[in-house]
């Protein structure tokens, strides 16, 4: 009989979609913007405390990379969702 795995862990090995320090780009693209914004805020607060990241084996390097990737995804979305600039000349208005 074949053994059945009952692990609830994601295949990536972590809940943040990261595997070996590299962020899965598709994971970030699938997340709603509000999730990425809130996560980036929480992560920035942790970085500002310096206590937690100093305890990490890599000094928080992977954590910073993940935060950078999240911020880049937010920026990418902001650029792609930016409204087009509409210019209206004064000669196109008529007062009745």
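What follows draws every value from the coordinates through simple rules; no lab data is involved. For clarity, every value in this text was computed on a predicted model and none was experimentally measured.
Details
- For segment 20-77, diffusion coefficient by Stokes-Einstein and Kirkwood Rh (Cα), 10 °C, 1.306 mPa s, µm²/s: 134
- Added length on full extension, which subtracts the Cα-Cα distance from 0.36 nm per residue, residue 58 to residue 25: 9.7 nm
- Extension gain from residue 74 to residue 51, taking 0.36 nm per residue of separation minus the Cα-Cα distance: 5.6 nm
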